[in-house]
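The values are calculated or read from the model by the stated rules, or taken from the named source; none is laboratory data. Treat the numbers as computed from the prediction; the structure is a model and nothing was measured. For neighbour counting, all protein chains shown are included, and Cβ atoms are generated from backbone atoms with ideal geometry for every residue, glycine included. To get the accessible areas, we keep the full protein, side chains included, count just its heavy atoms, and leave off ligands, DNA and RNA. Shrake-Rupley method; radii C 1.70, N 1.55, O 1.52, S 1.80 Å.
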Amino acid sequence: ALERDELQLLYQPKISLENNTIIGFEALLRWHNTDYGVVNPQVFIPMAEQTGMIKPIGLWVMKTACQQIKRFQEWTQSELSISINLSLIQLRDTSIVKNMAAILQETQIPPHLIEVEITESVAFQDEPFIMEQLQKIKELGISIAIDDFGTGYSSFSRLRTFPIDLIKIDSEFVRAISSNLHKDQAIIRSIIQLAKNLDLKVLAEGVETEEQLQFLKKEGCDFIQGFLFYAPLPAKSIEELLNYT
């Protein structure tokens with residue numbers, strides 16, 4: 001896939017609820033195989049992790065995303081951030097921090113505009129090495145987000161000690177807003193308040209309805225992603241979108 005240039009990144013806009021503007025994007029990896037067509041990420045990413053290919057693929061993702069966000073910034077003359085997902089296999093790679101630093105140097109992207117997303121289960125691994133790796137990434141100037149928050153093994157003590165900047169509320173909880181389930185709404189309310197108390201930002205994923213949007217605004221959520229505003233889009237479509245916003 002790498003050699004044949006079959007991999008592609010889509011970019012899902014992140015929206016600030018302060019003014020409903022695009023403040024950045026999440027880079028999402030897709031594979032268009034010549035024999036099998038579009039391969040589901042839930043199929044090929046675990047395969048890439050098992051074979052170790054996630055390491056070169058991950059570096060390709062970061063470099064491509066950094067190059068693209070630079071073009072987006074030149075297009076709009078404004079600062080836009082880019083989020084990139086990291087897996088446990090990548091974090092266990094002793095050369096990942098050095099390679100990330102090299103990509104930042106090559107692409108000349110300000111580090112504060114790069115955000116790495118790790119799942120809750122990865123973030124709170126009981127491995128001192130993972131904590132050390134995250135600290136080194138943070139020292140590069142890159143911010144760190146916890147993805148799918150609330151679905152794994154949350155620990156308040158780890159939230160306090162890990163170098164986290166943003167919590168992403170899983171779409172499972174966001175969907176429940178429309179069901180008027182009091183407990184699920186209470187969980188979202190509590191996550192947002194917890195983040196505020198820890199001086200962290202909050203992003204809600206999978207926002208699809210006006211009702212969900214208004215609830216999140218009312219509770220003080222900072223950012224959202226979801227089909228209510230934009231689906232993941234190829235770079236060309238993003239450039240067209242930025243031209244009209």
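Each pair of Cα atoms in the chain enters the Kirkwood radius, and Stokes-Einstein at 20 °C and 1.002 mPa s then converts it into a translational diffusion coefficient of 115 µm²/s.
Mean-square fluctuation check for the chain, GNM, Cα pairs under 10 Å: which of Gln193, Gln133, Gln214 is largest? Of the options given, Gln214 has the highest mean-square fluctuation.
Report the extension gain between Leu140 and Asn243 in nm, rounded to one decimal, defined as 0.36 nm multiplied by the number of residues separating them, less their alpha carbon distance. Please report the intermediate quantities before stating the final value.
Values: separation 103, 0.36 × 103 = 37.08 nm, distance 3.15 nm.
The Leu140-Asn243 span can extend by a further 33.9 nm.
Take every Cα pair under 8 Å whose residues are at least 6 apart in sequence, average their separation, divide by the length of the chain, and the relative contact order is 19 percent.
Going by average Cβ density within 10 Å per residue, which order do the peptides 68-74, 236-242 take, highest to lowest?
Working: 68-74: 17.3, 236-242: 14.9.
Highest mean packing first, the order is 68-74, 236-242.
Less than 5 angstrom separates the built amide H of Asn33 from those of Val38, Val39, all sequence-distant by 5 or more or on a different chain.
The slack in the chain from Lys217 to Leu194, taken as 0.36 nm per residue of separation less the alpha-carbon distance, amounts to 6.7 nm.
For segment 176-232, what does the alpha-carbon gyration tensor say about shape, rounded, prolate or oblate, given a ≥ b ≥ c as the root eigenvalues, a/c under 1.5 as rounded, and a/b over b/c as prolate?
Working: a/c = 2.30, a/b = 1.22, b/c = 1.88.
Judged from the Cα gyration tensor, segment 176-232 comes out oblate (a/c at least 1.5, b/c at or above a/b).
Across segment 38-173, C-alpha contacts under 8 Å between residues 6 or more apart give a mean separation that, scaled by the residue count, equals a relative contact order of 20 percent.
Restricting things to alpha carbons, find the Rg to Rh ratio for segment 85-152 using the Kirkwood radius for Rh.
Values: Rg = 11.9 Å, Rh = 12.3 Å.
That ratio equals 0.97.
Note on Cys221: accessible area approximately 10 square angstrom, rounded to 10, probe 1.4 Å, nucleic acids and ligands left out. You can think of it this way: the chain between Lys98 and Arg71 has 7.3 nm of extra reach, that is 0.36 nm per residue less the Cα-Cα gap. Using a probe of 1.4 angstrom and keeping all protein chains present, the accessible surface of segment 89-245 works out to 49 square angstrom per residue.
3J(HN,Hα) along segment 47-62, derived from phi through the Karplus expression 6.51 cos²θ - 1.76 cosθ + 1.60 where θ = phi - 60°, amounts to 5, 5, 5, 5, 8, x, 5, 5, 5, x, 5, x, 5, 4, 4, 5 Hz, with x in place of Gly and Pro.
Filter Lys196/Lys236; Lys70/Lys138; Lys138/Lys183; Lys55/Lys138; Lys14/Lys183; Lys136/Lys201 down to the pairs with a C-alpha to C-alpha distance above 31 Å, please.
Details: Lys196/Lys236 36 Å; Lys70/Lys138 21 Å; Lys138/Lys183 34 Å; Lys55/Lys138 19 Å; Lys14/Lys183 26 Å; Lys136/Lys201 21 Å.
Table pairs above 31 Å Cα-Cα are Lys196/Lys236; Lys138/Lys183.
GNM remark for the chain: springs join alpha carbons under 10 Å apart, and the peak mean-square fluctuation among Gly150, Gly37, Gly226 falls on Gly37. Using the rule -39500 (n - 2.57) for each DSSP H run of four or more residues, divided by the residues of the chain, the 222 nm mean residue ellipticity is -14000 deg cm²/dmol. Which parts of segment 189-204 would a label at Leu228 reach, counting a residue when its backbone N lies under 16 Å from a point 7 Å out along Cα-to-Cβ? Residues 189, 192, 202-204 fall inside that zone. For Lys138, neighbours were defined as the other residues whose beta-carbon sits under 13 Å from its Cβ, and their charges (Lys and Arg +1, Asp and Glu -1) total -3.
When a 1.4 Å probe is rolled over the protein heavy atoms, the share of accessible surface on the chain that falls to carbon and sulfur comes to 51 percent. With Cα atoms as the point set, the radius of gyration and Dmax of segment 1-97 evaluate to 15.0, 45 Å. Applying 1/(1 + (r/R0)^6) with R0 = 35 Å to the Cβ-Cβ distance of Gln108 and Glu132 gives a FRET efficiency near 0.80.
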